[in-house]
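Report on one structure; see the data block that follows.
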Amino acid sequence: MKLISPLPIWRLCSVVLAAAGVTGWVFAEERVAATTPTEWLQAMDNAFRNLNYDGVFEYSIASHSQIRIERQRGDRTFSVTADVARDITVASFRIVHMVIDGVEHERIAHRGGPRREILRTGPQVSYIVPQDDKSFALAADFPTGPYPRLFMNSEALSASYRFRLSGPGTVIGRPAVCLEVQPLDDNRFGYLLWLDEETGLLLRSELRDATGGYLESVKFVSLKVGEAVTKDALEPETPRVPVGPAEEFNEVPLTPAGPVNWAIGWVPEGFRIADASTHDGTKRRVQVMFSDGLATFSVFVEPAPRSSAGGVFSRSGATVLLSHDLTGERGDYLVTVVGEVPPVTAQRIAESVYREQ
């Protein structure tokens with residue numbers, strides 16, 4: 001086994017942790033006093049670091065299919081077409097979080113397939129993967145940090161989203177309240193969040209498109225909190241081999257050193273640069289990640305391959321991958337947008353990229 005830095009497989013984990021990472025709450029015996037959407041968001045804002053919890057959560061995406069029913073009446077044919085979404089579980093993770101002597105400890109283990117784990121002690125983040133895992137070869141091709149924080153600033157989110165409590169429910173046998181997160185424009189998706197009534201934990205999160213159609217979800221399928229969580233759950237299940245220092249995780253992204261010679265002419269209002277980097281020293285390969293505090297997307301610029309992949313489009317759940325050819329006097333490049341934005345938005349972002357003089 002080996003310890004390595006951020007890797008493609010954990011881009012998926014980043015999506016999952018984005019929802020699971022806000023599940024903290026200062027654990028208390030008394031009932032949460034939150035009554036308004038803002039108070040529930042503030043509860044999540046303040047909760048992340050303080051709860052001891054040990055749970056298994058699943059990341060699922062929607063598989064959409066159409067069913068067409070026809071009926072003949074005399075010489076006339078009547079038909080009804082319905083869109084049916086089916087849940088497909090993509091990955092399952094165990095997450096253990098504890099605060100020991102004022103320091104956060106966290107372990108995330110991928111369940112099923114090769115053992116892959118993330119370990120965090122305070123700001124130090126390490127990865128454990130199989131020595132011969134080929135899927136981790138392109139470590140630098142994805143954004144930094146497996147711990148994007150959602151709901152860390154609910155006031156900033158209110159500029160892009162509207163929040164509304166929509167009623168009670170039950171998740172994994174626990175009474176919950178449902179919080180709707182409605183985007184204020186067409187460049188974002190909406191969310192449905194189910195929060196535990198007693199503790200404020202986020203038990204389930206769903207992404208919805210502009211029509212309310214289901215795209216993907218993150219949900220706990222088992223959960224222990226408080227004193228039921230023990231320190232031995234933080235120990236990795238795979239042997240640890242120390243290979244260099246762990247990566248330093250910074251909640252406030254560092255400003256990239258030097259100009260990158262590329263500009264993105266348009267991004268949706270409310271999105272800000274969360275991270276930026278170059279990969280070959282010549283600034284010919286550039287990566288920039290944007291976030292509005294809830295949704296994220298990344299823009300990659302690289303020299304175009306001989307057989308261009310321009311115009312490629314794919315979608316998995318809420319995640320879009322779209323590529324666009326960029327031809328100019330300084331050569332041909334490929335712009336790729338990957339993230340949780342509608343396809344039309346991704347296309348507009350890609351087409352706005354240009355090279356500065």
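Considering segment 166-195, the residues that are under 26 Å from residue 222 (Cβ atoms) and touching a residue at least 60 places away in the same chain (Cβ under 8 Å) include one that is farthest from the chain's Cα centre (by Cα), namely 177.
Quick grid of which residues meet (1) modelled with pLDDT of 90 or more; (2) aromatic (Phe, Trp, Tyr); (3) assigned to a loop (DSSP other than H, G, I, E, B); (4) more than 24 Å from the chain's Cα centre (by Cα):
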| site | (1), (2), (3), (4) |
| --- | --- |
| 65 | no, no, no, yes |
| 72 | no, no, no, yes |
| 77 | no, no, no, yes |
| 80 | no, no, no, yes |
| 83 | no, no, no, yes |
| 88 | no, no, no, no |
| 94 | yes, no, no, no |
| 97 | yes, no, no, no |
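As a summary of the residue check, residue 144 satisfies the conditions (1) more than 27 Å from residue 347 (Cα to Cα); (2) at pLDDT below 85; (3) touching an Asp or Glu at 6+ places or on another chain (Cβ under 8 Å); (4) not acidic (Asp, Glu) except for the one numbered (1). Return the residues of segment 330-351 that are under 19 Å from residue 302 (Cα atoms), among the charged types (D, E, K, R) and touching a strand residue (DSSP E or B) at 6+ places or on another chain (Cβ under 9 Å); say none if nothing qualifies. Passing the criteria: 330, 332, 351.
Answer with yes or no whether residue 133 is surrounded by 13 or more Cβ atoms within 10 Å (Cβ to Cβ), charged (D, E, K, R) and at pLDDT below 85. In short, yes.
If only residues of segment 202-229 that are at pLDDT 90 or above, exposed (fewer than 13 other Cβ atoms within 10 Å of the Cβ) and not acidic (Asp, Glu) are counted, the one that is nearest to residue 60 (Cα to Cα) is 222.
The values are calculated or read from the model by the stated rules, or taken from the named source; none is laboratory data. Because the structure is a prediction, the values reported are computed rather than measured. Virtual Cβ from ideal backbone geometry, glycine too; neighbours counted across all protein chains shown.
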